[in-house]
1. Could you state, as a whole-number percent, how many of the C-alpha pairs of the chain are farther apart than 25 Å?
2. How big is the charge dipole of the chain about its Cα centre, in debye rounded to the nearest 20, if each Lys and Arg gets +1 on its Cβ and each Asp and Glu gets -1 on its Cβ?
3. Quick check on the range 57-113: what are the equivalent-ellipsoid semi-axes from the Cα gyration tensor, as sqrt(5λ), descending, whole Å?
4. Rounded to whole Å, give me the distance from the Cα center of the range 1-22 to that of the range 89-112.
5. Can you list the aspartates and glutamates whose alpha carbon sits under 15 Å from that of residue 48, skipping same-chain ones fewer than 8 residues off?
Amino acid sequence: MQLKPIRNASDHRKALALIEELWDAAPDTDEGDLLDILVDLVEHYEEKHFPISAAEPVDVIKAHMDATGRTQKDLGDLFGSAPRASEILKKRRALTVDMIHKLHEDWGIPSDCLIRPYHLEAA
């Protein structure tokens, strides 16, 4: 098979179909190597044509809470104040360095996801 760049939607669909065919290929085989290369090509094409913007810090916190079963009360316990947790989740108060540190250390949320600037809502 001759590999070529993915330049359009048709090429993208063909590459995805071939990836599906090769999905169970064993590593360190010709098929496994082809699968790795195709995945890289598709990833490159998708990053260029379908960029995903980074989530805002509050959305990251909410997603983490959903995934781990944590509640607003848990966030309040972490921050030492239920009203403060509410203000953060409603984007009425910005995260502080101390809050980011606690979320990273205690909840395991990567700090780089929490240090992005974001828009606060009016009270």
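No value in this document is a laboratory result; all are computed from the given coordinates. What you are looking at is a predicted structure, and each value in this text was computed from that prediction instead of being measured. With ideal geometry, Cβ positions are generated from the backbone for all residues, glycine too; neighbour counts draw on all protein chains shown.
1. Values: 3644 of 7503 pairs.
When all Cα pairs of the chain are counted, 49 percent exceed 25 Å.
2. Numbers: 15 positive and 24 negative charges, 223 e Å.
Here the size comes out at about 1080 debye.
3. Values: eigenvalues 41, 33, 25 Å².
Over the Cα atoms of the range 57-113, the ellipsoid semi-axes are 14, 13, 11 Å.
4. 41
5. Candidates past the 8-residue exclusion: 11, 40.
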